[in-house]
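Novice: This is the structure I have questions about; it appears just below.
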Amino acid sequence: MLSLGIRRVALDWQARYGVEPLLAETLVDPSRYSGGCYRASNWIELGETTGRGRMDSEHRRHGVEPKLLFVYPLVRDAAKRLKEQ
């Protein structure tokens, strides 16, 4: 299901916005989930966030709830194409 969903999102994104997505990302709360389904689906774990949310512009909640960051390349040469931009 994860594989089918990510392919569909990539196609829909390109159709809607006219931009080819190169990479998908997701955040996993390690206090609730292990991220095992992403690891089993060959997603790449990049590390952990600081725990600051996107709405925390004043840095008040720094380090409160860190998440695991996973990425999945949607095209074969995603890393090369991202470096070129």
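Novice: Under 7 Å by Cβ, and 6 or more places apart or on different chains, what pairs join a residue from the stretch 3-26 that is touching a residue at least 60 places away in the same chain (Cβ under 8 Å) with one that is surrounded by 10 or more Cβ atoms within 10 Å (Cβ to Cβ) and among the charged types (D, E, K, R)?
Specialist: Leu22/Arg81
Novice: Can you tell me how many residues within the stretch 10-41 are under 21 Å from Lys83 (Cβ atoms) and part of a loop (DSSP other than H, G, I, E, B)?
Specialist: Qualifying residue count for the region: 4.
Bear in mind these aren't lab numbers, they're just calculated from the coordinates by the rules spelled out. All values derive from a computational prediction rather than experimental measurement. Ideal geometry is used to build each Cβ from the backbone, glycine not excepted, and the neighbour counts take in all protein chains shown.
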